[in-house]
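In what follows, a structure is listed as structure tokens, so that the remarks can point back to it.
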Amino acid sequence: MINNSLKQLGAMLASKQISSVEMTTEFLDRIDQHNPDINAYIALDRERTLAQAAAADARIAAGTAEPLTGIPIAQKDIFVAKGWQTTCGSKMLESFIGPYDAGVIERFDAAGAVNLGKTNMDEFAMGSSNETSYFGGVKNPWDRSRVPGGSSGGSAAAVAARLCAAATGTDTGGSIRQPASLCGFSGLKPTYGLVSRYGMIAFASSLDQAGPMAKSCEDMALMMNVMTGFDARDSTSLQRDKEDYTRGLPAMTGDKPLAGLRVGLPREFFADGLNAQVSSVVQAAIDEYRKLGAEIVAISLPNTRLSIPVYYVLAPAEASSNLSRYDGVRYGYRAPEYTDLMDMYCKSRAQGFGAEVKRRILIGTYVLSAGYYDAYYLKAQQIRRLIADDFAAAFTQCDVIMGPTAPGTAFRSGEKADDPVAMYLEDLYTIAVNLAGLPGMSIPAGFAEVEGKALPVGLQVIGNYFDEARMLDIGHAYQQVTDWHTRMPEGV
Amino acid sequence: MSLSISDIKRIATLARIEVSDAEAEVTLHKLSGILGLIEAMQAVDTTGIVPMSHSQDVTQRLRPDLVTKTDQRALFQSIAPAVEDGLYLVPKVIE
Amino acid sequence: MPISRSRIGIRACRRVFKVEWEVVIGLETHTQLKTNSKIFSGASTTYGAAPNTQACEVSIALPGVLPVLNQEAVRCAIKFGLAVNAEIAPRSVFARKNYFYPDLPKGYQISQYELPVVGKGALTIQLGDTEKVIRITRAHLEEDAGKSVHGAVEGMSGIDLNRAGTPLLEIVTEPDMRSAAEAVAYAKKLHELVQWIGICDGNMQEGSFRCDVNVSVRPKGTDTLGTRREIKNLNSFKFMQQAIEYETRWQIETLEDGGTIQQATVLFNPDTGETRAMRSKEEANDYRYFPDPDLLPLVISEADKDAVRADMPELPQAMKARFEAEFGLSAYDASALTAARAIADYFTATLAAFGGEAKLAANWVMGGVAAKLNEADLDISASPVLPAQLAGLLKRIADNTISSKIAKEVFEAMWAGEGEADSIIDSKGLKQVTDSGAIEAIIDGVLAANAAMVEEYRAGKEKAFNALVGQAMKASKGKANPAQVNEILKKKLG
């Protein structure tokens, strides 16, 4: 059962082959068994979860079930959920019990999905290895000496180790796609503004976007049907007609389902910095797409090389301001001892935040400070436009862009922990997508043999704005002719 | 633009993060590395480029002027570090 | 650096300065907008609720919450822009002003920085007989902070966030004022205007209208501005006058004594009448403004402006001009009648019900009514004599039913709640006597009883005639028509 698709799980529930309580219990038991080692979950609440499962069973019995009713979904601990500990991976919020529900949580609740627990993550989503979490690192189920990627590392490990049916993640610079690549499953960051940011704890507001992390594109399409939609509480939420993201999937059969599709390969994505094994896995996947009927065109995204510098100005700047609310006054951590107000602020924030978060707050404070704003922040916003323009130009030549998701495979825990710059380069291919606000997806494309272990490699698919349905079709077509997405790590 | 220890102290104060002298050294080293990475931007001529704050060219939506919130003080203050008579308590504010 | 209390006391007034100084003043006014809900959330803005009961998840900045702009706050800003003839930005941007303070829950205030909603405009103030134009630099929308409450717990401050997120329009002037009196005149005029157009309740005790005053001095005749000090949070015109006068004197004294002025934020202490620099460290304010990524550009179209314009009351300046042109009122009268919306409304309603000469109505509104209101310390909107009632009285003056003198008596009775003018005139028998026969009879009686006065008049003493008129009026208990008395008396003495 644990390897079943969401559709199959839904069918089992609908046919009363299994109840949601039974299905949920099985996942909870698996979590009890594997989580002490993998550390994918920060917060579990068996009672609350099973109550939701029982309610789902009632709904199924009443005949008002929706596709995800009764299915256990893991929620990244960045989403505020009423009554749930919501930490964002930080000591700062260790004691924070959600007093309201995030837009995403409400949508899953309304769909009857079961909240299985809150997954581990890099502190305030700042990291690419999940090692900045106050609640400890997460192990990559494919090789437990390695990181799962980040920041949605807990969700990633949970999906890969089948400790949930599917999970949510958020992606500011690659935090859904990079762990999807490193843990061998499918992850999608939608167009900015499609999924409500209300109740999603902010890291960099103009880049943050939530999306599904699941075993397949078909599963992600079902998740997208639930997650997307206008939310009046988020000024950046877009007012669009509701879409059915599964609508094109059935047509992805036959000989050349992708005939006529133009796939752009940016030469910059296959240059220095890309691991050779990853490169060949990605090339093989592109060959597969050729077979599916796609036409491959060479394109160029000349300014994407600047996406890391731009990102490491804009994201810390926004974060430095977004994280000012954690001051020990109304909620969260307050230092036990202090001499006065100023000391209370400085100690609470010094003790409540981890090293990487503090670094980014300081960088952000610096680039916004008097005398530096134009040289850093304004300049970065200007280059951000150049990067977005590159994509706009590219999409006149192709329908989707493909390339590697990450420059390498999962690295060893601790390997880059002390070198922020090396860590930042993990997001070389993902960040530009966030800067442009485009949808980006990573799907399993094969394995690289590293030190005797087969480590997953992801293929990144970048679409034009609002092209998620087509991207899911394209991913689904590939998943009809390959089985990489069904592979499971050993020992789970 | 190279950073100094006094820059670190200044921005740490602005950001209200206590940084000891020893930490300041380490922080200086790491932040300098990050700024080195960022420095690549300076080579780009951005004259006349309109800064991009949002990825979608949309404008602010307005909310009708209605009171939709009710009192949830008890719930919100149940997770507060220090409260008294409905007020959040902090060390004395000096004007 | 804390500025020590000045040793100048009262004797400063007598000091003779070496240089002739000029004070330069600019104002920043925080106007609380009259909306039901907060600028970025649906929490109530009602004043005086129990602490933090109107502090919703957005007001207290819980993790994950987001701002959504209140359309009424935008309408208020447009109204103000139209009222001061300002440019209204077709596109304005909200920015974050970053600083830590316990009453600022997000650690930043959402404000507008580079692109404010209202641009350059002007407000004309009246100083005695002359007018002066004060240039408005800009007006921008922002959110208010909460309040710190001191003394509830020893050594601690309590934070109440009910006010956090209340919409403000911050109105900034050029440094165009040259005296405390001008600054106060501007502040009063602005105070009336924002109430006139209905965007602010004007309640200064509740903090709905707060002024920060930038004061600097320079030798008269020079162009460069001196270093300014900003007097924060003045919430009464009296304090504003006192604070500016004190601050001006202090700066001049400091400079005359060879000192320099440090830029500072100061507070006014009404008990001592002095200003002092705030103790909180002026660590070089570095607010790190940047566009708020949670909010999108605010776009205001011509149609939006037209819709607000259609909803605007006639503005005081236009109404004043109309009163002069349409009713032939003097500039002084027209200005006084348009000093406040309530006065103008009262006058307009009175005149409409009266239908007679505007000057008579104006005289009564500014004279009899104003005097009684003043005496009773009442606002015109609380006048016990309503416009329709006053009009009833004016009709009887106009048609000679009563004299102006009797009218005062009738008005007193109306004020005391004794009813309408007509019923008071009837019940008290105050109707003017216009019957010539009756007046002749009275005059005959007066002439018979005052033979000596008649002799004096005939001997050439003009004053005696007035005395005889007085006697006749007295005999009629004031009711005889004075014009007729004059005429008949003249004839009889002829």
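Only residues that are surrounded by fewer than 21 Cβ atoms within 10 Å (Cβ to Cβ) and touching a Lys or Arg at 6+ places or on another chain (Cβ under 8 Å): list them for the range C:139-174, please.
C:ALA145, C:LYS147, C:HIS150, C:GLY155, C:MET156, C:VAL172, C:GLU174
Given the residues A:LEU306, A:LEU249, A:LEU238, which is the only one that is within 14 Å of chain B (Cβ to nearest Cβ), modelled with pLDDT of 95 or more, within 23 Å of the chain's Cα centre (by Cα) and under 30 Å from A:ALA165 (Cβ atoms)?
Working: A:LEU306 fails: under 30 Å from A:ALA165 (Cβ atoms); A:LEU249 fails: within 14 Å of chain B (Cβ to nearest Cβ).
Matching residue, one of A:LEU306, A:LEU249, A:LEU238: A:LEU238.
So which of A:THR132, A:THR168 ends up being crowded, with 24+ Cβ neighbours inside 10 Å, of a type outside the set (Gly, Ala, Ser) and either more than 23 Å from A:ARG46 (Cα to Cα) or touching an Asp or Glu at 6+ places or on another chain (Cβ under 7 Å) (or both)? Working first, answer last.
Numbers: A:THR168 fails: either more than 23 Å from A:ARG46 (Cα to Cα) or touching an Asp or Glu at 6+ places or on another chain (Cβ under 7 Å) (or both).
None of the other options fit; the residue is A:THR132.
So which of B:HIS29, B:HIS54 is more than 7 Å from chain A (Cβ to nearest Cβ) and within 30 Å of A:PRO420 (Cβ to Cβ)? Before the answer, list the steps.
Working: B:HIS54 fails: more than 7 Å from chain A (Cβ to nearest Cβ).
Only one candidate passes the filter, namely B:HIS29.
Conditions first: (1) within 14 Å of chain A (Cβ to nearest Cβ); (2) part of a loop (DSSP other than H, G, I, E, B). C:ILE110 passes all but one, so which condition is the exception?
(2)
Which ones in the range A:354-375 are touching a residue at least 24 places away in the same chain (Cβ under 8 Å) and facing another protein chain (nearest Cβ under 7 Å)?
First, the residues of the range A:354-375 that are touching a residue at least 24 places away in the same chain (Cβ under 8 Å): A:354-357, A:359-365, A:367-368.
Listed by number, the residues that qualify are A:ARG359, A:ILE361, A:LEU362, A:ILE363, A:THR365, A:LEU368.
Consider the range C:105-154. How many of its residues are closer than 30 Å to B:VAL83 by Cα and not hydrophobic (A, V, I, L, M, F, W, C)?
Initially, the range C:105-154 is screened for residues closer than 30 Å to B:VAL83 by Cα, giving C:105-111, C:142-154.
Those still in the list that are not hydrophobic (A, V, I, L, M, F, W, C) too: C:105-109, C:111, C:142-144, C:146-148, C:150-151, C:154.
Result for the range C:105-154: 15.
Pick out the one residue from C:ARG288, C:ARG249 that is surrounded by 14 or more Cβ atoms within 10 Å (Cβ to Cβ), farther than 21 Å from C:LEU193 by Cβ and away from every other protein chain (no Cβ under 14 Å). Let's see the steps before the verdict.
Numbers: C:ARG288 fails: away from every other protein chain (no Cβ under 14 Å).
When all the criteria are applied, what remains is C:ARG249.
Being of a type outside the set (Phe, Trp, Tyr) and within 14 Å of chain A (Cβ to nearest Cβ) narrows it down to one of C:LYS97, C:LYS120, so name that one.
Working: C:LYS120 fails: within 14 Å of chain A (Cβ to nearest Cβ).
Going through C:LYS97, C:LYS120 in turn, just one is of a type outside the set (Phe, Trp, Tyr) and within 14 Å of chain A (Cβ to nearest Cβ): C:LYS97.
Among the residues that make up the range B:35-49, is at least one of them more than 7 Å from chain A (Cβ to nearest Cβ) and in contact with an Asp or Glu (Cβ under 8 Å, 6 or more places away or on another chain)?
No, there is no match, as no residue in the range B:35-49 is more than 7 Å from chain A (Cβ to nearest Cβ) and in contact with an Asp or Glu (Cβ under 8 Å, 6 or more places away or on another chain).
Across the range A:224-235, what is the number of residues that are small (Gly, Ala, Ser) and more than 12 Å from chain C (Cβ to nearest Cβ)? Steps first, please.
If we filter the range A:224-235 for residues that are small (Gly, Ala, Ser), which is where we start, we get A:229, A:232, A:235.
Then drop every residue that is not more than 12 Å from chain C (Cβ to nearest Cβ), which leaves A:229.
The number of residues fulfilling the criteria is 1.
Each row is one residue, and each column tells you yes or no for (1) free of Cβ contacts under 8 Å to residues at least 24 places away in the same chain; (2) in contact with a Gly (Cβ under 8 Å, 6 or more places away or on another chain); (3) outside any loop (DSSP other than H, G, I, E, B); (4) not aromatic (Phe, Trp, Tyr).
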| position | (1), (2), (3), (4) |
| --- | --- |
| A:GLY211 | no, yes, yes, yes |
| A:ASP219 | no, no, yes, yes |
| A:VAL226 | no, no, yes, yes |
| A:ARG233 | no, yes, no, yes |
| A:THR236 | no, yes, no, yes |
| A:GLU243 | no, no, no, yes |
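So, A:ALA180, is that one over 30 Å from C:VAL68 (Cβ atoms) and either of a type outside the set (Val, Ile, Thr) or surrounded by fewer than 24 Cβ atoms within 10 Å (Cβ to Cβ) (or both) or not? It would help to see each step written out before you state the result.
Values: over 30 Å from C:VAL68 (Cβ atoms): yes; either of a type outside the set (Val, Ile, Thr) or surrounded by fewer than 24 Cβ atoms within 10 Å (Cβ to Cβ) (or both): yes.
Spelling it out, A:ALA180 is indeed over 30 Å from C:VAL68 (Cβ atoms) and either of a type outside the set (Val, Ile, Thr) or surrounded by fewer than 24 Cβ atoms within 10 Å (Cβ to Cβ) (or both).
Has the range C:56-68 got at least one residue that is more than 30 Å from C:PRO167 (Cα to Cα) and at pLDDT 95 or above? So that I can check it myself, show each step before the final result.
Residues of the range C:56-68 more than 30 Å from C:PRO167 (Cα to Cα): none.
No, there is no match, as no residue in the range C:56-68 is more than 30 Å from C:PRO167 (Cα to Cα) and at pLDDT 95 or above.
Please go through the range C:31-54 and give me each residue that is surrounded by 24 or more Cβ atoms within 10 Å (Cβ to Cβ), closer than 22 Å to C:GLY158 by Cβ, out of contact with any Lys or Arg (no Cβ under 7 Å at 6 or more places or on another chain) and within 9 Å of chain B (Cβ to nearest Cβ), ordered by number.
Hits for the range C:31-54 are C:LYS38, C:GLN54.
Of a type outside the set (D, E, K, R), touching a Ser or Thr at 6+ places or on another chain (Cβ under 7 Å) and under 30 Å from C:GLU154 (Cβ atoms): which single residue out of A:ALA406, A:ALA335 fits that description? Spell out the reasoning first.
Details: A:ALA406 fails: under 30 Å from C:GLU154 (Cβ atoms).
Exactly one residue qualifies, and that residue is A:ALA335.
Looking only at residues that are under 30 Å from C:VAL133 (Cα atoms) and part of a loop (DSSP other than H, G, I, E, B) in the range C:55-94, which one is nearest to the other protein chains (Cβ to nearest Cβ)? Write out each step before concluding.
To start, the set of residues in the range C:55-94 that are under 30 Å from C:VAL133 (Cα atoms) comprises C:72-94.
Applying the additional criterion that residues be part of a loop (DSSP other than H, G, I, E, B) yields C:84-87, C:89-90, C:93.
Values: C:VAL84: 23, C:ASN85: 24, C:ALA86: 20, C:GLU87: 19, C:ALA89: 12, C:PRO90: 11, C:VAL93: 8 Å.
Per the criteria, the residue is C:VAL93.
Can you work out which of the residues in the range A:135-165 that are hydrophobic (A, V, I, L, M, F, W, C) and farther than 10 Å from A:CYS183 by Cβ is surrounded by the fewest Cβ atoms within 10 Å (Cβ to Cβ)?
At the first step, the residues of the range A:135-165 found to be hydrophobic (A, V, I, L, M, F, W, C) are A:135, A:138, A:142, A:147, A:156-161, A:163-165.
Add one more test, that the residue is farther than 10 Å from A:CYS183 by Cβ, and what stays is A:135, A:163-165.
Details: A:PHE135: 20, A:LEU163: 30, A:CYS164: 29, A:ALA165: 31.
Across the range A:135-165, the extreme among qualifying residues is A:PHE135.
Find all pairs meeting these conditions: Cβ atoms under 8 angstrom apart; at least six residues apart or on different chains; first residue within the range C:371-383 and under 9 Å from C:ALA342 (Cβ atoms) and without any contact (Cβ under 8 Å) to a residue 40 or more places away in the chain; second residue in a helix (DSSP H, G or I) and of a type in the set (Val, Ile, Thr).
As it stands, the answer is none, since no pair meets every condition given.
Search the range A:356-371 for residues being hydrophobic (A, V, I, L, M, F, W, C) and assigned to a helix (DSSP H, G or I), and hand back the single one that is farthest from B:GLU23 (Cα to Cα).
The initial filter retains those residues of the range A:356-371 that are hydrophobic (A, V, I, L, M, F, W, C), namely A:357, A:361-363, A:367-368, A:370.
Next, only the ones that are assigned to a helix (DSSP H, G or I) stay: A:357, A:361-363, A:367-368.
Values: A:VAL357: 14, A:ILE361: 15, A:LEU362: 13, A:ILE363: 15, A:VAL367: 20, A:LEU368: 22 Å.
The selected residue is A:LEU368.
The values are calculated or read from the model by the stated rules, or taken from the named source; none is laboratory data. All figures in this text were calculated on a predicted structure; none of them were measured in a lab. Neighbour counts run over all protein chains shown; Cβ positions are idealised from the backbone, glycine included.
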